Every structure is written in C-alpha cells, then in structure tokens.
Amino acid sequence: MSIFCDECSKNIATVFLTKISGSEVSRVQLCDDCARKMEEATEAANLIAFLPQIMTDIQGMDDRSVDEVLSGELIECESCGTSFNDFQKMGFLGCRECYRAFGEPLMRVILEFQGEEEHLGKTPRKASRGAQLRKKLIELERSLERRIAEEKYEAAATVRDQIRKIENSLDPEASASEKE
C-alpha cells in the first residue's frame, strides 16, 4: 500500500476514506490539498442538487421574508467573527457581543424556542423563600401584562392582587406604612 495521495501521487496521504456500497469496499488515500478539493467539490455538488428546492422555497416567500433571511445570515459579530449562520449551525454564540450583533434575528430564535426573550432558568431547591417569591412575582407580572393585552381585566385584577400580596410579604415595612 502506497503512502502517497491516490489523486495527485505527489504528497503524502493524511486522509483515509473507506466507502462501503453494498458488498463493495473501496479505500482512498488523499493528501490535505486533494481532500480539501474533494470536500469543496462535494459541497458544490450538494448545493447544485438542492438548488431547485431552494429556489422553489425562495419563490414561495414574499420579498420581506427573503430579505429577513438573507440579512440575518449575513450578519457577523465584529468582536469574534461568528456569523449568524455559524450560530444556526452550531447552536451557540461566539461571545457576549454576538447578542448585540445579531439583535432582532437572534431574538426571533430565542422567542421561538423559549416563548420569552428573558431566560429565567430554574429556581434551586434550596433557594430562600424570598428568592422563590421574587421569581413568582416576575411570572405574575408577565401574566398580568398578558391578561391586560388580551383585555381580560377581571383575571388581571386577580393577578394584580396576588402580586400585591407577594410584594407585601417581601417587604412587610412597606405594607405596614400603606395601612397607616
């Protein structure tokens, strides 16, 4: 077995591929340059194969949607160089500046997955009663905003009363001064 690239026969092979198709097994040894060229050719072939579907999808979108998709994919963080497209592939951001760089497209993704822009996380089991009440307070305030937006005023009043009760239990001095 030769140690040289099967493609160019000049460089030492560093990439070894085995292809199994049915009962046929074929092995290819490539140098880095030839492997890179093969990868680029494969990516181009895949793009060409899916181009009709991509074009159909784009034609089905209105102009605004196409602009939103393209503008989101072309954004790049100046701090770390991560693109929005990179974020969509990897599932994580490169640095904290990415939040500012990706702005609105990132917020749409966060809203889609979480339902809210702000991530509250879980409350630790050993959290103090005050921490648990503050988390509940945040949830109730959001609920109040939703009920008002939906014009469900009676339900909003009930939520408002729950908020006041929690606020009073968090700050007993404030509730005592309100009674005076």
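The values are calculated or read from the model by the stated rules, or taken from the named source; none is laboratory data. The structure displayed is predicted, hence computed values, not measured ones. Counting neighbours? That spans all protein chains shown, and the Cβs are built from the backbone with ideal geometry, glycine included.
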Item to check | Tally, over the stretch 96-109, of residues that are loosely packed, with under 13 Cβ neighbours inside 10 Å and within 12 Å of C80 (Cβ to Cβ) | outcome: 2
Checklist entry - For the stretch 1-94, which helices (runs of 4 or more DSSP H) that fit wholly inside it have 2 or more residues that are at pLDDT 90 or above and outside the structural domain of V109 (by TED's automatic domain parsing)? => result 32-59
